[in-house]
1. Exactly one of (1) within 30 Å of G34 (Cα to Cα); (2) of a type in the set (G, A, S); (3) assigned to a helix (DSSP H, G or I) is unmet by A152. Its number?
2. Go through the residues of the stretch 125-137 one by one and say whether even a single one is in a loop (DSSP other than H, G, I, E, B), surrounded by 14 or more Cβ atoms within 10 Å (Cβ to Cβ) and of a type outside the set (A, V, I, L, M, F, W, C).
3. Being of a type in the set (V, I, T) and assigned to a strand (DSSP E or B) is the filter; apply it to the stretch 357-392 and report the residue that is farthest from H327 (Cα to Cα).
4. Suppose we filter the stretch 85-138 for residues that are of a type in the set (A, V, I, L, M), touching a residue at least 60 places away in the same chain (Cβ under 8 Å) and within 30 Å of K159 (Cβ to Cβ); how many remain?
Amino acid sequence: MQTRALTQSLHLRLLVFAGGAIALALAMAWAMLGILFERHAERQLRSELERHGLSLIAAATIDPNGIPALTRQPSDPRFARPASGLYWLLKGPNGELRSRSLWDGQLNSPVVNRGAWQAIKSAGPFEASVMSVTRKIKPSSNGEIVNVTVAADRAPLTKARREFERETGIFLSLLWLLLAAAAWFQVRMGLRPLTAISNELDHMSQAADARLEVSAHPLEVRPLTEAINKVANQRADDILRARQRAQDLAHALKTPLTALRLQMGALPTDLANDMIRSLSLVSGAVESELARAGVTSVGSQVALESVVDRLIAVVSRTPSGARIKFHADIPADLYVPMPEAAALEAIGALIENASRFARSTVIIAAGAMPTLWVTVTDNGPGIPADLRQAALTRGSRLDERSGSHGLGLAIAQDLVIAKGGALDLEDAPSGGLTVRIQWPAVSKGLQR
């Protein structure tokens, strides 16, 4: 499950990669800092040992028997304390002289072939490892050579490195957390344009001719926005061709259906009524298809107040509308995301349907808070909740006495959904039916 989430989430993939890369870099830095610290400490220790060696050279002599001797003892008290960790050794041709700290231990004193100090690491007289510096000198004029060796225990150096690595590890762990948080912020900011595109795509269905504004996005995601716009253009062309074919088919059927209806007048009454009822359904479907086919996406917004006023003026002259009082509460500056023809078709079907079933009043209201909405409410008998889905089904007629084809609500729903909205049936406060149309908020990232 974790592997699948990692492969599917670009956000998680970038965070894991960034966290791993930062952790690897800090781990390498931690190891390298430990090595550099040890090398620096070793250089410091070597410098200290060479200073002790120079003080020994200044006091070194050879007695008549060829054994090294010192005119004065080194000042560091560790040389006088057995197994103290700091030792010196003078090795001549006939013997050697050692510090009291060396006691009975053995100190490796390599033979050097040059006059400079030579540093080595070796096992110590009492310790696991020591660093020693060795140099050959001629303390007397007779040319006899003496090897001067000064050594120190490396345990303090190793301990200091461990403490340094521990403190550095704590610091780098905190630094990793800080850098991981910065990487999270960077990834989030870097992927924000994709989130913006996703939000804009959610609202492109409100207007078929809406497109993403390419110049409003970063250069890196512009190829994606251009590709999306290209697909949207192709889709719009396909829809236009489909509408044209549907319109051609509907026009081709309209004339034969009219001829059939006229010819049915010569048939027996019972047979003619049944055939006319069936033919009415087909004719209604053709008429509704012609209405939808004539709806284009050009001019995808229309002032709702003017549409409702025109519809009320028409419906109030019909037999069912003449007995109804219409009340409209529409803001003057409210626009719905539909072409004018589609708005007239959809909202007109709702007002006409409400006028047929209302007892006395039909109320049309609209607003834009929190989202854009339009309601058509009547005080008629309403529709039971278990029958509302059937009322929105194409060709379904809950009132068989009605002369309609049962297509009004279904056509209105199709037109609203085509423009990114939704149509719902609700109980009216007066006991009738409220038809609610609702659209989501319009995205700012679209262009027309």
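Quick note: the coordinates plus some simple rules give every number you see, no bench work behind them. Worth saying up front: this structure is predicted, and the values here are computed from it rather than measured. Counting neighbours? That spans all protein chains shown, and the Cβs are built from the backbone with ideal geometry, glycine included.
1. A152 satisfies every listed condition except (3).
2. Checked against the condition, which is being in a loop (DSSP other than H, G, I, E, B), surrounded by 14 or more Cβ atoms within 10 Å (Cβ to Cβ) and of a type outside the set (A, V, I, L, M, F, W, C), the stretch 125-137 yields at least one hit.
3. Checked the stretch 357-392; the qualifying residue farthest from H327 (Cα to Cα) is V374.
4. Qualifying residue count for the region: 5.
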